[in-house]
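In what follows, a structure is listed as structure tokens, so that the remarks can point back to it.
Rule-based calculations on the coordinates, nothing more; no lab input. On a predicted model such as this, the values are computed, not experimentally measured, just so you know. Cβ atoms come from the backbone with ideal geometry, glycine included; neighbour counts cover every protein chain shown.
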Amino acid sequence: MEGNARERVLRAAERLFARRGFAGTSMRDLAKASGVSQALIHHHFGTKRELYNAVKERAVQQFLSLATSRTPAKVGSHWGSPLAQTELGELWRWLLALFEFFRKNRRLVRLLSWERLEGKARLWPAEKRLLEAFHSLATELQRNGPLRRDLDPLMLIALLQSLVVAWWENRPWVCRLFPRRQQQELDRMFVEHLSKLLSSGIRG
């Protein structure tokens, strides 16, 4: 399958899975939306589950590319948190990269929501590598002093990631709580509050 056709299939799959969930999307739907025949999709991706996993693999790779390709000074720099200048700065920049990634890829938040609704929540194919990178960073910070030693690094990463995902899942509801504030202002408030929680709650 040519790169352009493969990308069309992955984009169509991401769009439909986010809109209808895994169970509500058929291979026929995917073929129609992508303009690629079912036979060709099956040949190159295998089952619908394997195509679903390919969509998630692509998403994690896109995040890892975002988080590692930009210089530390630029990742999330427009949020202006003083935490970026502390010993926890690298962890904070990774967290902001995750925040920005979901801000630009809302469909992936819907995919996560569908997985929980359908009772199929599981580690994504490339998610293990992402968690390992976060875990390694947190463990190093703990070993070198700036991170509290009574915190489990993996649980801390799970908590921080959950907070970011929960923000994008619940943002419409939060907007109704603050009807006079712009969405971008609320995003900034979330980042500021998260920064304060990290500054006062996890330092060693």
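Placing one identical point scatterer on every Cα of the chain and ignoring solvent, what is log10 I(q)/I(0) from the Debye formula at q = 0.09, 0.14 Å⁻¹?
Values returned for q = 0.09, 0.14 Å⁻¹ are -0.41, -0.90.
Suppose every K and R has +1 on its Cβ and every D and E has -1 on its Cβ; what is the size of the dipole of the chain about the Cα centre, in Debye to the nearest 20?
In total the dipole reaches around 680 debye.
Taking trypsin sites (Lys or Arg not before Pro) as candidate sites, keep only those in a DSSP loop with at most 12 other Cβ atoms within 10 Å, then name the longest stretch of the chain containing none of them. Present the calculation step by step, with values, prior to reporting the outcome.
Numbers: sites that count: Lys74, Arg122, Arg149, Arg180.
Looking at the chain, 1-73 is the longest stretch - no exposed trypsin sites (Lys or Arg not before Pro) with at most 12 other Cβ atoms within 10 Å.
Would you list, by chain and number, the aspartates and glutamates whose Cα falls below 18 Å from the Cα of Lys56, excluding same-chain residues fewer than 8 positions away?
Partners found: Glu7, Glu14, Glu100, Glu115, Glu118, Glu127, Glu132, Glu169.
Between Asn105, Asn144, Asn53, where does the largest GNM mean-square fluctuation fall for the chain, given springs only between Cα atoms within less than 10 Å?
Between Asn105, Asn144, Asn53, it is Asn144 that shows the largest mean-square fluctuation.
Nearest 20 debye, what's the magnitude of the dipole of the range 91-200 about its Cα centre given +1 on Lys and Arg Cβ and -1 on Asp and Glu Cβ?
Numbers: 20 positive and 12 negative charges, 72 e Å.
The calculated dipole for the range 91-200 is roughly 340 debye.
Working from Cα positions, state the angle (0 to 90°, nearest 10) between the long axis of helix 89-104 and the longest principal axis of the chain.
40 degrees
Relative contact order, percent, of the chain when contacts are C-alpha pairs under 8 Å separated by at least 6 residues?
21 percent.
Quick check for me: using +1 on Lys/Arg Cβ and -1 on Asp/Glu Cβ, what's the dipole size of the range 1-46 about its Cα centre, in debye to the nearest 20?
180 debye
Among Thr86, Thr68, which comes first, then next, by fewest other beta-carbon atoms within 10 Å?
Thr68, Thr86
Calculate how steeply helix 3-20 sits against the longest principal axis of the alpha-carbon atoms of the chain, using the helix alpha-carbon long axis, and give the answer as 0 to 90 degrees to the nearest 10.
70 degrees
What range in the chain is the longest one free of GluC sites (Glu not before Pro) that are in a loop by DSSP and have at most 13 other Cβ atoms within 10 angstrom?
The longest uninterrupted stretch comes out as 3-117.
Let me see the P(r) profile for the range 87-204: every Cα-Cα distance counted, bins of 5 Å, each bin given as a percent of all pairs.
Distribution as computed: 2, 9, 19, 22, 18, 15, 10, 4, 1 percent.
Against the longest principal axis of the chain, how steep is helix 153-177, in degrees 0 to 90 to the nearest 10, with axes from Cα atoms?
80 degrees
Would you work out which of Ala5, Leu40, Thr25 lies farthest towards the positive end of the dipole of the range 1-60? Charges go on Cβ: Lys and Arg +1, Asp and Glu -1.
Selected residue: Thr25.
Given the DSSP H assignment, sum -39500 (n - 2.57) over each helix run of at least 4 residues in the chain and divide by its residue total; what's the result at 222 nm in deg cm²/dmol, nearest 500?
Result for the chain, helices only: -24000 deg cm²/dmol.
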